[in-house]
Amino acid sequence: MATEPGSEPAETAWPRPESEPSPTAEEPIAPSANTVQIVDHALLVLKTIAEADRPRGVRELSRDLVISKSSTQRILASLERVGLAVLEEHSRKYVIGPAALTLAWKHAANSDLVGAAAEATTRIAAVTGETACVSTVVDGRRVTVFEAESSQPLRLITGVGRPYSLFSGATGRILLSMLPEAELERLVQAHEASGAGAAADSPELIDRIAAARDLGYAVSRGEWINGGCGVAVPIGTQGSITAALSIYGPEARLSDQRMRDLVPALRSAAAQIAVRWRQPG
């Protein structure tokens, strides 16, 4: 085909073979298995340093998580660049970074459960004089998502975001009692496999969880902290989130009778939270 002098020759539009359809905007490119694995590893490293009670080094993270040392180093460097990890100069080990606070703040600000629970939980803490908190199940552990501290000089504090075992304390039993049977069985087996609980203890453990389900509340005394007592009631389940309302305090103020006397007030507050939680935003 002739072209004008000085002009670029026209590009011939060859037909695309039928076996190679033209990509469209409606056909997202699926991530490769390698990409998914990298993301999984990065999240696992972040979760591990966030939950650690001490700084963690590259070598031990690589060993414990079964990730190559070079990959672990690259992941930590990436997390450090965005503020999700901090390298301690003296130990050359990593701790969770300040950017995690932004993630936690955004969760609290946008969480339907936290918004629904704040008023009633704060009121229960004021009425009882003890610390009141709302907890959920996160990765097989109980985690406080909202806490109203007691005004008493001697008080118990669980700490928002701090994970605890589901198998100690009143809150854990209530949360376990609300789970589907298959999930409960899986968690009990994992608890035994971890060495934290013997298989011989399982029948008693299941009985205590069943009792909490039948009673609609649970009490604990010195289970997760010496001298500490607690009473918990269910709030409910919405989607994948299961929640409980609890009061914690020193045994000097929380006798068995006192904890039982607090159950009606706790149930009333939990019902208010449940109603607000289920209301559309």
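A count restricted to the stretch 34-54 and to residues that are out of contact with any helix residue (DSSP H, G or I) (no Cβ under 8 Å at 6 or more places or on another chain) and either open to solvent by less than 80 Å² (accessible area, probe 1.4 Å) or under 19 Å from Val86 (Cβ atoms) (or both) stands at 9.
Do we have any residue at all in the stretch 249-265 that's on the phi < 0 side of the Ramachandran plot, open to solvent by less than 10 Å² (accessible area, probe 1.4 Å) and within 23 Å of the chain's Cα centre (by Cα)? Looking for residues that are on the phi < 0 side of the Ramachandran plot, open to solvent by less than 10 Å² (accessible area, probe 1.4 Å) and within 23 Å of the chain's Cα centre (by Cα), one finds none in the stretch 249-265, hence no. Looking at Ala243, Ala170, Ala274, Ala211, just one residue is farther than 21 Å from Ala126 by Cβ and either touching a Gly at 6+ places or on another chain (Cβ under 7 Å) or without any contact (Cβ under 8 Å) to a residue 60 or more places away in the chain (or both), and that residue is Ala211. Scanning the stretch 163-175 for residues that are open to solvent by 20 Å² or more (accessible area, probe 1.4 Å) and in a loop (DSSP other than H, G, I, E, B) turns up Phe167, Ser168.
For first residues located in the stretch 71-93 and within 23 Å of Asp40 (Cβ to Cβ), partners that are open to solvent by less than 30 Å² (accessible area, probe 1.4 Å) and in a loop (DSSP other than H, G, I, E, B) and lie 6+ apart or on another chain with Cβ distances below 6 Å form the pairs Gly83/Gly97; Leu84/Gly97; Ala85/Gly97; Val86/Gly97; Lys93/Gly57. The set of residues in the stretch 234-248 that are within 19 Å of the chain's Cα centre (by Cα) and either open to solvent by 70 Å² or more (accessible area, probe 1.4 Å) or under 18 Å from Ser165 (Cα atoms) (or both) comprises Pro234, Gly239, Ser240, Ile241, Thr242, Ala243, Ala244, Leu245, Ser246.
Table: residues versus (1) over 24 Å from Val231 (Cα atoms); (2) in contact with a Leu (Cβ under 7 Å, 6 or more places away or on another chain).
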residue: His90; (1), (2): yes, no
residue: Ala99; (1), (2): yes, yes
residue: Thr102; (1), (2): yes, no
residue: Lys106; (1), (2): yes, no
residue: Glu119; (1), (2): no, no
residue: Arg141; (1), (2): no, yes
residue: Leu166; (1), (2): no, yes
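Annotation note: of Ala190, Ala212, the sole residue that is within 15 Å of Val137 (Cβ to Cβ), open to solvent by less than 60 Å² (accessible area, probe 1.4 Å), of a type in the set (Gly, Ala, Ser) and within 18 Å of the chain's Cα centre (by Cα) is Ala190.
The values are calculated or read from the model by the stated rules, or taken from the named source; none is laboratory data. The model shown is predicted, which means the values in this text are computed figures rather than measured ones. Counting neighbours? That spans all protein chains shown, and the Cβs are built from the backbone with ideal geometry, glycine included. Protein only, heavy atoms only, side chains kept; ligands, DNA and RNA dropped before computing areas. Shrake-Rupley method; radii C 1.70, N 1.55, O 1.52, S 1.80 Å.
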